[in-house]
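Read through the structure below, which is laid out as structure tokens, and then see the notes.
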Amino acid sequence: MTDKADLPIDPPITDLPIDTHDAGFYDGFSREVTIPAKIIVSVIIMWAIFFPVSAEETLKVANSTIIASFSSWYIYLVAALGVVCAGLALVPQSGRLRIGAPDEKPEFSRFSWFAMLFGAGIGIGMLTYSTGEPLAHFSNNPDIIRGTLEARSAEAVRPAYIYTFLHWGLAAWCTYALVGLAIGYVAYRRDLPLTIRSSLAPIFGQSMSGISGHVVDIVAVVATILGVSVTMGLGVEQFVAGLHRVGMGDWLLADSGTASTAAIVVSLLVLVGASTLSALSGVGRGIKWLSNLNMGLSFALLVLFLVAGSGLLGLTLLATGIWDYLVTLPTNSLLIFEDMGDDVSAALVQWQLDWSVFYWAWWIAFAPFVGMFIARISRGRTIREYIFGVVIVPSLMCFAWMAIVGGTAIDLELSGVAGGVIADAGISDQLFATLSILLSPGVALIVSALVVVLLMTYLVTSVDSAILIINTINGAGEDEGSRRYHILFWGAALAFMVGSMLILGGIDAIRITMIIGALPFSFVVLLMAVAIIKAVVFDLIRKKHGVPTTAQACQEWNGEVSTAD
């Protein structure tokens, strides 16, 4: 028998107490997290509503200074997250470790798991950008800016997909996967609370029970609100555009062609109301059912474009796009444009800020919500299955959408059939513009209505998931339980955040606010990457020396050294 004192490593921490209130309005909640988070979000909303001029000027200054100063930080951080995910999945010893007990089985089937991953992670943006992003890079990308390609030419199509896949591929899902893994690994192997602070326990230990842990969770809640606000803002703009397309009236659009104030208010009332009702039903019913519906409608729409649209071109673009993307990935992941004082370099820097930096910040701001949600539905899977499933499958689905749907729009422009109608439309209206040209008026109306329904279900799924995750963070990792008033508060906060920012300065105002808000959490994400590496490496060392690595094994370790679990 080996004495514990002779072992080179101790068992992991299996208890991280977080004080929660035991009565009243905040029963079951950490008031040190919930109240400050509510105050910060409320201040941002009131600032935008009551001081719109000051808010707009501040956002402009932030856009030209803070965001530009940290652009390289976002790029290098996301690249590093991809390397960490690849290492954890591909190293045999770490890949075999399970997110949970060694013999634990997954709660959800793979289809439901993939459906929930896709619906909560990126479905809304995919509907907006499936035509919008390929067309944008078809019209303007670094090669066109340098003058080596002509905008909207046949030669510009293939490079357009390099940048489209760069933004919607592994970078996004590696960010989500790492955050989810850092949380889920310690929550389900070590019985730590399912919250952001627990992921840092492998580094900071019991200190995460105190003030530093509160700060981490507050930053995560604020980042989640801002990240989801961007998604909602995009969704509301496209939802309104779709309602206008199906004949709901000209009152929906302002003179600029964007959503009118009345349309924004009505849409948010409908969408947030439905999301709140869904959130009250919990993850096991409302979210799962809506996610399966989303996946079914998405595949139906994709098949429609494959058959009625430019299916052959889309499949070709899918194959060549993936190849080009993978070949250029190492270079593009680390490429940072610098302003050399000339118009071309300045345009390249602005392009990167508008696209790559915006996306990397978006994924980081979205990561606490999506990561928590992914962790919550991934218990029982091995690290290898988890990373491959979270990273590769949704990425391929996004690629297929961008290639087939976006390829159809580009083909209609290249052939002259569209005559610039699609490319010149607002990004929220481009999908509907493509349908109107591709299909007969009656069929286009029906399909556009289905897209509006799909968009609504994606919005409801994302928002209700976010509300539940925010309550879980505020509740020290506990399930939502009897927290109806708090669900209502966060639903209203999201509605006011999106509404105030859209009315203040459109989607650009939300984008800038989100990029700034993502900055504090980006440092937490870096620490999470270090923490999960340490947790996995130390568990492998523990297994080698017969030291338990799970909470259950630690409980059974009564005075004797057990065999490795």
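The values are calculated or read from the model by the stated rules, or taken from the named source; none is laboratory data. Keep in mind the model is a prediction, meaning the values are calculated, not measured. Note that we place each Cβ from the backbone using ideal geometry, even for glycine, and neighbour counts take in every protein chain shown. Protein only, heavy atoms only, side chains kept; ligands, DNA and RNA dropped before computing areas. Shrake-Rupley method; radii C 1.70, N 1.55, O 1.52, S 1.80 Å.
In the chain, if the dipole is taken from +1 on Lys/Arg beta carbons and -1 on Asp/Glu beta carbons about the Cα centre, which of 101, 186, 242 is farthest to the positive end?
About the Cα centre, the residue reaching furthest to the positive side is 101.
Per residue of the stretch 192-200, in order, report the coupling 6.51 cos²θ - 1.76 cosθ + 1.60 (Karplus, θ = phi - 60°) as ³J(HN,Hα) in whole Hz, putting x for Gly and Pro.
Taking θ as phi minus 60°, the curve returns 7, x, 7, 8, 5, 4, 4, 5, 9 Hz for the stretch 192-200.
I'd like the orientation of helix 343-352 relative to the chain: the angle between its Cα long axis and the longest Cα principal axis, in ° from 0 to 90, rounded to 10.
Approximately 50 degrees, to the nearest 10.
Using only the Cα atoms of the stretch 30-156, what do you get for the radius of gyration and for Dmax, in Å?
Rg, Dmax (Cα atoms, Å): 22.3, 58.
Work through the residues other than residue 404 whose Cβ is under 15 Å from its Cβ and net out their charges, Lys, Arg +1 and Asp, Glu -1.
Taking every other residue near residue 404 into account, the sum is -2.
Could you work out how far apart the two model spin labels at residue 421 and residue 64 are, taking each label as a point 7 Å from the Cα in the direction of the beta carbon, and quote it in nm?
Rounded to a tenth, the inter-label distance reads 4.0 nm.
Please give me the summed charge of the neighbours of residue 147: other residues whose Cβ is under 15 Å from its Cβ, Lys and Arg +1, Asp and Glu -1.
-3
For the stretch 395-477, what's the relative contact order in percent, using C-alpha pairs closer than 8 Å and at least 6 residues apart?
So the answer I get is 14 percent.
For helix 484-545, what angle does its Cα long axis make with the longest principal axis of the chain, in degrees from 0 to 90 and rounded to 10?
40 degrees
How high is the relative contact order of the chain? Use alpha-carbon pairs under 8 Å, at least six apart in sequence, and give a whole percent.
In percent, rounded to a whole number, it is 34.
Report Rg (one decimal) and Dmax (nearest whole number) for the stretch 383-434, counting Cα atoms only, units Å.
15.4, 49
Quick check: at a probe of 1.4 Å, how many percent of the accessible area of the chain sits on carbon and sulfur atoms?
On the way: 13520 of 21160 Å².
Whole-percent figure for carbon plus sulfur exposure: 64.
Need the C-alpha centroid separation for the stretch 94-155 versus the stretch 166-213, integer Å.
Going from one Cα centre to the other spans 22 Å.
Against the globular-protein guess of 2.2 N^0.38 Å, express the Cα radius of gyration of the stretch 447-548 as a ratio, rounded to two decimals.
Here the Cα radius of gyration is 1.55 times the empirical estimate.
Of the listed values (1) 316; (2) 147; (3) 166, grab the one calculated as volume of the Cα convex hull per residue in Å³ from the structure here.
So the calculated entry is the one marked (2).
With a 1.4 Å probe and every protein chain left in place, work out the accessible area per residue of the stretch 390-537 in Å², rounded to a whole number.
Heavy-atom SASA per residue in the stretch 390-537 reads 30 Å².
For the stretch 1-103, what is the accessible area per residue in Å², given a 1.4 Å probe and the full set of protein chains? Intermediate values should be presented prior to the final figure.
Numbers: 5660 Å² over 103 residues.
Value for the stretch 1-103: 55 Å² per residue.
Whenever you get a sec, line up 176, 188 from highest to lowest accessible area (probe 1.4 Å, protein heavy atoms).
188, 176
Assuming 0.36 nm per residue, please report the length gained on full extension of the stretch residue 552 to residue 146 beyond their Cα-Cα distance.
Working: separation 406, 0.36 × 406 = 146.16 nm, distance 5.97 nm.
Here the segment from residue 552 to residue 146 would lengthen by 140.2 nm.
Can you give me the C-alpha center-to-center distance between the stretch 290-345 and the stretch 500-534, rounded to a whole angstrom?
Centre-to-centre distance over Cα atoms comes out at 24 Å.
So what are the stretch 131-177's ellipsoid semi-axes, whole angstrom, largest first, if each one is the square root of 5 times an eigenvalue of the alpha-carbon gyration tensor?
In descending order, the three semi-axes are 23, 10, 7 Å.
Ignoring ligands and nucleic acids, what accessible area does residue 189 show with a 1.4 Å probe (Å², nearest 10)?
Per-residue accessible area (residue 189): approximately 10 Å².
Hey, got the dipole for the chain? About the Cα centre, +1 on K and R Cβ, -1 on D and E Cβ, debye to the nearest 20? Write out the running numbers ahead of the final one.
Working: 28 positive and 42 negative charges, 223 e Å.
Result for the chain is approximately 1080 debye, rounded to the nearest 20.
Amide H to amide H, which residues 5 or more places from residue 253 or on other chains are under 5 Å from it, using H placed in the peptide plane?
260
In nm, to one decimal, how far is the residue 31 label point from the residue 346 one, both placed 7 Å along Cα→Cβ?
Each label point is offset 7 Å from its Cα along the Cβ direction, giving 5.4 nm.
Assign unit charges at the C-beta atoms only (+1 for Lys and Arg, -1 for Asp and Glu), then state the dipole size of the stretch 248-385 relative to its Cα centre in Debye, rounded to the nearest 20.
The dipole magnitude comes to about 1240 debye.
Roughly how tilted is helix 123-139, in degrees to the nearest 10 and between 0 and 90, from the longest Cα axis of the chain?
Compared with the principal axis, the helix lies near 50 degrees.
Just want the answer: with Cβ charges of +1 for Lys and Arg and -1 for Asp and Glu, which residue in 203, 440, 355 is farthest toward the dipole's positive end in the chain?
Sorting the options by dipole projection puts first 203.
Starting from the Kirkwood Rh over alpha-carbon pairs, what translational D in µm² s⁻¹ does the stretch 12-76 have by Stokes-Einstein at 10 °C and 1.306 mPa s?
Using the Kirkwood radius from Cα pairs, D works out to 102 µm²/s.
Output the direction-averaged projected area (hull surface divided by four) of the convex hull of the alpha-carbon atoms of the stretch 247-384, in nm².
About 14.4 nm², averaged over all directions.
Say a site is exposed when it is one of the GluC sites (Glu not before Pro), sits in a DSSP loop, and has at most 12 other Cβ atoms within 10 Å; what is then the longest site-free stretch of the chain?
Answer - 339-559.
Compute the length gained on full extension between residue 83 and residue 530: take 0.36 nm times their separation in residues and subtract their Cα-Cα distance, giving the result in nm to one decimal.
That pair, residue 83 and residue 530, stretches by 159.7 nm at full extension.
Counting heavy atoms of the protein chains only and a 1.4 Å probe, report the per residue accessible area for the stretch 207-355 as a whole number of Å².
Accessible surface, normalised per residue, equals 43 Å².
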